[in-house]
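Report on the following structure.
The values are calculated or read from the model by the stated rules, or taken from the named source; none is laboratory data. In this text, all values refer to a predicted model and were calculated from it rather than measured experimentally. Every residue, glycine among them, receives a Cβ derived from its backbone with ideal geometry; neighbour counts consider all protein chains shown.
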Amino acid sequence: MTTIVLSAGGTGGHLFPAQALAGELVRRGKKIVVMTDSRGRGYAGAFPGARLEIVPSAAFSDRSILGLLSAPFEIVAGIVVSLWKLAAIRPKAVIGFGGYPSLPVMIAACVARFPTAVLAPDAMLGRANRLVANHVRVIAANFPLVRFLPKDMSKVVYTGNPLRPEVIALAGAAYHAPAGDHLLRLLVFGGSQGAHVFSEVVPAAVALLSAPTKSRLDIVQQCRPEDMECVRSAYAAANVKAVLAAFFRDLPERMAWAHLVVARSGAGTVSELAVIGRPAILVPLPHALDDNQTPNADALANAGGGWRVAQGDFTPQKLAGMLEAAFADPAALARCAAAARALAKPDATLRLADLVEKLEGAA
């Protein structure tokens, strides 16, 4: 049984694709070792049957002066430990999913000349992947890369972004554009913690809509707990039906339900919207590292699957105009849904697993 090493940071954007690939590789008879930093112990259960190896690591962001001074030494220690562990594991391939915990592992794998690849879920390379991009053998990309490109673009392979099974189950779900006097289903969410700006702008925009549009609206919105009562009161005052929650466990099903989505534009969100095939108004997180969400939103918007609005331009008046125009043209919404779906790669997990097996064969 051959062994594949996966190395990922501790956030969902890094972990979910790694989980999806791990599951597929296990089905193909591979043994999985997950190498990450000490925070990884908290998600060991996400990789059933996999072995977990801890290596030192550090990030250069949001740290004290002492932390910044110690970070290079922690990373060097992580590289040394990774070299030792990789020599013992002898994997057929090492795959990085970004995040600083993956950096020492990927540097060590490149130094030791193991077959390597990194996944780039955003339309630009993240900082950790950027540091090894010119040394790994393959870059598995989700969207066309627009910033921080590797010297050799021939190593870029567009596999797509592996997604959760519950999203894949809804791939290409039929889109029925709102017609006649049917309800206009609007979904609003801003990531696992919600987005305060959506709680401020969306209810205010709804209040500006024409009476016929408001009478047909059916809204599902994720809100931070501290915003919940204010948002609920605003929709009640507008006499608009709304379901509010701090977190929706069935978010993929809610996406499939929606005629239009208002959301941030993290790689996972945009990938899921494309696979399910739903038009969206995307508002990139303005303080995201390297503004990585804007190119993702542009990827969907340029494909005709939605619209990108900078948060500085995201006013109630602007959003109200966009909602009125979108819901007044059901055929255009249907075209947007189809365009979003055309951007999708629902078989991304299989494509990435195939890529790993090619690397393994070349080992």
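Being within 24 Å of Pro252 (Cβ to Cβ) and not aliphatic (A, V, I, L, M) is the filter; apply it to region 217-234 and report the residue that is nearest to the chain's Cα centre (by Cα).
Our first condition is that a residue be within 24 Å of Pro252 (Cβ to Cβ); within region 217-234, this holds for 217-225, 227-228, 231.
Next, from what is left, pick out any that are not aliphatic (A, V, I, L, M): 218, 221-225, 227.
On the way: Asp218: 26, Gln221: 19, Gln222: 17, Cys223: 19, Arg224: 20, Pro225: 23, Asp227: 24 Å.
By that ranking, first place goes to Gln222.
Quick one: which of Lys151, Lys214 is closer than 30 Å to Thr116 by Cβ and of a type outside the set (A, V, I, L, M)?
On the way: Lys214 fails: closer than 30 Å to Thr116 by Cβ.
That would be Lys151, the only listed residue that is closer than 30 Å to Thr116 by Cβ and of a type outside the set (A, V, I, L, M).
Which of the following residues is hydrophobic (A, V, I, L, M, F, W, C), within 28 Å of His182 (Cα to Cα), free of Cβ contacts under 8 Å to residues at least 24 places away in the same chain and in the same structural domain as Met255 (by TED's automatic domain parsing): Ala338, Ala325, Ala334? I'd like the intermediate steps shown before the answer.
Numbers: Ala338 fails: free of Cβ contacts under 8 Å to residues at least 24 places away in the same chain; Ala334 fails: free of Cβ contacts under 8 Å to residues at least 24 places away in the same chain.
Ala325 is the lone residue from the list that is hydrophobic (A, V, I, L, M, F, W, C), within 28 Å of His182 (Cα to Cα), free of Cβ contacts under 8 Å to residues at least 24 places away in the same chain and in the same structural domain as Met255 (by TED's automatic domain parsing).
Which of (1) of a type in the set (A, V, I, L, M, F, W, C); (2) more than 23 Å from the chain's Cα centre (by Cα); (3) surrounded by fewer than 18 Cβ atoms within 10 Å (Cβ to Cβ) does Val146 not meet, given it meets every other one?
Every condition holds for Val146 apart from (2).
What are the residues in region 197-221 that are out of contact with any strand residue (DSSP E or B) (no Cβ under 7 Å at 6 or more places or on another chain), surrounded by 21 or more Cβ atoms within 10 Å (Cβ to Cβ) and in contact (Cβ under 8 Å) with a residue 40 or more places away in the chain, if any?
Once the filter is applied, which keeps residues that are out of contact with any strand residue (DSSP E or B) (no Cβ under 7 Å at 6 or more places or on another chain), surrounded by 21 or more Cβ atoms within 10 Å (Cβ to Cβ) and in contact (Cβ under 8 Å) with a residue 40 or more places away in the chain, region 197-221 yields Val201, Ala205, Leu209.
Matching residues to (1) over 23 Å from Pro144 (Cβ atoms); (2) out of contact with any helix residue (DSSP H, G or I) (no Cβ under 6 Å at 6 or more places or on another chain); (3) modelled with pLDDT of 95 or more:
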site	(1), (2), (3)
Val156	no, yes, yes
Val167	no, no, yes
Ala179	yes, no, no
Ala195	yes, yes, no
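Of the residues that make up region 298-313, is at least one touching a Gly at 6+ places or on another chain (Cβ under 6 Å) and not aromatic (Phe, Trp, Tyr)? Give the steps one after another, and end with the answer.
From region 298-313, those touching a Gly at 6+ places or on another chain (Cβ under 6 Å) are 300; that's our starting set.
Those still in the list that are not aromatic (Phe, Trp, Tyr) too: 300.
The answer is yes, given that some residue of region 298-313 is touching a Gly at 6+ places or on another chain (Cβ under 6 Å) and not aromatic (Phe, Trp, Tyr).
Having 1 or more residues that are charged (D, E, K, R), in contact with a Lys or Arg (Cβ under 9 Å, 6 or more places away or on another chain) and at pLDDT 90 or above is the bar; report the strands (runs of 3 or more DSSP E) wholly within region 1-118 that clear it. Walk me through how you get there before you give the answer.
Working: elements: 3-7, 31-36, 51-54, 93-96.
The strands (runs of 3 or more DSSP E) meeting that bar are 31-36, 51-54.
State yes or no: is Val261 under 28 Å from Pro162 (Cα atoms), in contact with a Gly (Cβ under 9 Å, 6 or more places away or on another chain) and of a type in the set (A, V, I, L, M)? Walk me through it before giving the result.
Details: under 28 Å from Pro162 (Cα atoms): yes; in contact with a Gly (Cβ under 9 Å, 6 or more places away or on another chain): yes; of a type in the set (A, V, I, L, M): yes.
Judged against the criteria, Val261 is a match.
Kindly provide the set of residues from region 143-177 that are outside any helix (DSSP H, G or I), over 18 Å from His14 (Cα atoms) and out of contact with any strand residue (DSSP E or B) (no Cβ under 9 Å at 6 or more places or on another chain), ordered by number.
Lys151, Asp152, Ala169, Leu170, Ala171, Gly172, Ala173, Ala174, Tyr175, His176, Ala177
Please verify whether Ala207 is part of a helix (DSSP H, G or I) and either over 22 Å from Leu319 (Cα atoms) or under 20 Å from the mean Cα position of the chain (by Cα) (or both), treating the condition exactly as stated. Walk me through how you get there before you give the answer.
Numbers: part of a helix (DSSP H, G or I): yes; either over 22 Å from Leu319 (Cα atoms) or under 20 Å from the mean Cα position of the chain (by Cα) (or both): no.
So Ala207 does not fit the description; no.
Does any residue in region 119-140 that is touching a residue at least 12 places away in the same chain (Cβ under 8 Å) and farther than 22 Å from Ala348 by Cα come within less than 6 Å, Cβ to Cβ, of a residue that is part of a loop (DSSP other than H, G, I, E, B) and of a type outside the set (Val, Ile, Thr) six or more places away or on a different chain, and which pairs are these?
That search, which allows pairs on different chains as well, returns Asn134/Pro150; Asn134/Lys151.
Applying the selection to region 242-256, what residues are surrounded by 15 or more Cβ atoms within 10 Å (Cβ to Cβ) and either farther than 26 Å from Thr294 by Cα or of a type outside the set (Lys, Arg) (or both)?
First, the residues of region 242-256 that are surrounded by 15 or more Cβ atoms within 10 Å (Cβ to Cβ): 242, 244-245, 248, 251-256.
The answer is Ala242, Leu244, Ala245, Phe248, Leu251, Pro252, Glu253, Met255, Ala256.
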